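Student: Next up is a structure, given as structure tokens.
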Amino acid sequence: MVKSTVRFSETVMDRVEELVDGETFSSKSEFQRFAVEFVLSEIDDYEPEMLDFDDVRQEVFSDESSHTRKEFGPEDDAEFYQIAARIRQFAIRGEIDTARELIDTHYPATDPRSLLLDDIVEAYRSRDQPEILPVE
């Protein structure tokens, strides 16, 4: 496997830790692998490689009342891309709070699209801050 470092906002990580503590996922890494594979499988013709992906997906989305699953069509894709472009535009301009507010008004925190959009914002937020290297 390839190792990748990803930065998340504290709010996102707090929610991930709740899912790990609630035993939905065994670790933050498992959650992140699932989230990436899930988003790829939803927006592209991608076959997830994660072991037991379908079992985890069914467990995560087992409560249909809180996670209404539907198939997304081209109209939904177009709307997502428009929102993503607008969020990126705000992030590039340094309007991080506005970008996050736009995400929150369109997607619940548990929606994989929300996580993906948070990553976009975080990339621009951390780009404008000096990187702190770990002391070895």
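The values are calculated or read from the model by the stated rules, or taken from the named source; none is laboratory data. In this text, all values refer to a predicted model and were calculated from it rather than measured experimentally. All Cβ positions, even for glycine, are placed from backbone atoms using ideal geometry, and neighbour counts span all protein chains on display.
Student: Quick one: how many residues across region 1-17 are over 27 Å from ASP77 (Cα atoms) and assigned to a helix (DSSP H, G or I)?
Tutor: 3
Student: Being of a type in the set (Phe, Trp, Tyr), out of contact with any strand residue (DSSP E or B) (no Cβ under 8 Å at 6 or more places or on another chain), under 16 Å from GLU59 (Cβ atoms) and surrounded by 15 or more Cβ atoms within 10 Å (Cβ to Cβ), is that true of even one residue in region 2-22?
Tutor: Checking region 2-22: not a single residue is of a type in the set (Phe, Trp, Tyr), out of contact with any strand residue (DSSP E or B) (no Cβ under 8 Å at 6 or more places or on another chain), under 16 Å from GLU59 (Cβ atoms) and surrounded by 15 or more Cβ atoms within 10 Å (Cβ to Cβ).
Student: Can you tell me how many residues in region 1-29 are modelled with pLDDT under 85 and among the small types (Gly, Ala, Ser)?
Tutor: So the count comes out to 3.
Student: Something else: Within region 49-134, considering only helices (runs of 4 or more DSSP H) that don't extend past its boundaries, which have at least 2 residues that are modelled with pLDDT of 85 or more, surrounded by 15 or more Cβ atoms within 10 Å (Cβ to Cβ) and small (Gly, Ala, Ser)?
Tutor: The qualifying helices (runs of 4 or more DSSP H) are 74-92.
Student: Within region 18-41, can you find the residues that are in contact with a helix residue (DSSP H, G or I) (Cβ under 7 Å, 6 or more places away or on another chain) and either in a helix (DSSP H, G or I) or among the charged types (D, E, K, R) (or both)?
Tutor: Passing the criteria: LEU19, VAL20, LYS28, PHE31, PHE34, ALA35, GLU37, PHE38, VAL39.
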